[in-house]
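Asks: Shown below is the structure under consideration.
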Amino acid sequence: MIAEVAAQIRENIKRVIVGKDDIIDLMMVAVLSEGHVLLEDVPGTGKTTLAKSMAVSLGCTFRRIQFTPDLLPSDVTGINYFNQKTQAFEFRPGPILSQVVLADEINRATPRTQSALLEAMQERQMTVDGETRLLPRPFLVMATQNPIELEGTFPLPEAQVDRFLLRVAIGYPDEDEENRILLRFRTDDPLADLEPVTDPDSILDLIQRVRAIHVAEEVQNYIVDIARKTRTHHEIDLGASPRATLALYRTSQARAAIHGRDFVLPDDVKYLAPFVLTHRIQISPQTRLRGRRPEEIVIDLVNTIPVPVES
């Protein structure tokens, strides 16, 4: 059932997004794991379009926040204001009270505003003037940032980066895909005609089903071993946190489910490790000077760990 719904969502999004099946699958992994995604790529590669297409396909409410240096935390969470007609304070909800939130160019906002997302992303609640409000479920934050342009940006703090389940780069389309993009968007925007293929209640049911996907003890030990090896690797100053271990476990269950399996394979873990762990580690300055990238280190590290095989 999960694989059937995932296929419907994938085909629906592909009415707008050309190619990028692997990226769409990663987005669905995030949804079914109740995690958040950091889309790190140059402008114009379809990050916003992908977020909107996902929200429409899921039948979820969608809000976009354009992060700028003058954005305030209250612009994200909402405010209590005095209504002169009723002579009482009323709450005006901010855009964070939505099921799919696009935080566009998140690293352009000040750390104070970025921190407004911390409680929402981890605990799925927000606190305004001492009153805590639960956020709607499912709740997915898709944040974008340009990895090239650094002027006027504020690097994301480690505590916030660690709250992103996956970091994904969409990348440029190939020649054939770019020609298909021109043809598809030649007359109108297919996003305007996109219809939902499921609903939030069904997604919540699928999330519970994903939690029941079987993870063998050997595969669980494999996940733990990968995470622990990042903490002792000679090229890594800061290894993956226990939250990263749990993220790798949950995403492996989700990937198995969307591929029609009720059990996790080591290949699921191996495929997802770079997307789950790369943004959670800090490599040493000497390693950076040698031109080594975190993605390469994670891939090399995973390749050195024996893969569990069926006895």
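Just so it is clear, none of the values below were taken in a lab; they were calculated from the coordinates. All values derive from a computational prediction rather than experimental measurement. Ideal geometry is used to build each Cβ from the backbone, glycine not excepted, and the neighbour counts take in all protein chains shown.
Asks: Taking a cut-off of 16 Å, what percent of all Cα-Cα pairs in the range 22-71 are separated by more than that?
Replies: The answer is 47 percent, as a whole percent.
Asks: What is the spin-label model distance, in nm, from residue 237 to residue 305 if the labels are put 7 Å beyond Cα along the C-beta direction?
Replies: 2.3
Asks: Starting from 0.36 nm per residue, how many nanometres of slack lie between residue 220 and residue 112 once their C-alpha separation is accounted for?
Replies: Separation in residues times 0.36 nm, less the Cα-Cα distance, equals 35.2 nm.
Asks: Between residue 61 and residue 129, what is the spin-label point distance in nm, taking each point 7 Å from the Cα along the Cα→C-beta axis?
Replies: 1.9
Asks: Under the √(5λ) rule applied to the eigenvalues of the Cα gyration tensor, what semi-axes describe the equivalent ellipsoid of the range 270-311? Give them in Å, descending.
Replies: Working: eigenvalues 116, 25, 9 Å².
In descending order the semi-axes read 24, 11, 7 Å.
Asks: Also, quick follow-up: Quote to one decimal, in nm, the extra length available between residue 82 and residue 192 on full extension: 0.36 nm per residue of separation minus the C-alpha distance between them.
Replies: Difference between extended and current length: 35.9 nm.
Asks: Taking 8 Å as the Cα distance limit and 6 or more residues as the minimum spacing, I'd like the relative contact order of the chain as a percentage.
Replies: The value is 22 percent.
Asks: Can you classify the range 107-211 as rounded, prolate or oblate using the Cα gyration tensor, where a ≥ b ≥ c are the square roots of its eigenvalues, rounded means a/c under 1.5, and otherwise it's prolate if a/b beats b/c and oblate if not?
Replies: Oblate shape, in that a/c is at least 1.5 and b/c is the bigger or equal ratio.
Asks: Per residue, what volume in Å³ does the convex hull of the Cα atoms of the range 2-200 enclose?
Replies: Enclosed volume per residue, from the Cα hull, is 143 Å³.
Asks: For each of 279, 233, count neighbouring Cβ atoms within 10 Å of the residue's Cβ, then give the residues from fewest to most.
Replies: Ranked by crowding around the Cβ, least crowded first: 233, 279.
Asks: Roughly how many nanometres apart are two label points built 7 Å out from the Cα toward the Cβ at residue 14 and residue 68?
Replies: 3.9
Asks: Calculate, in whole percent, how much of the Cα-Cα pair population of the range 212-304 lies beyond 16 Å.
Replies: Percent of Cα pairs beyond 16 Å in the range 212-304: 50.
Asks: Would you mind working out the magnitude of the charge dipole of the chain relative to its Cα centre, with +1 at each Lys and Arg C-beta and -1 at each Asp and Glu C-beta, to the nearest 20 Debye?
Replies: Result for the chain is approximately 560 debye, rounded to the nearest 20.
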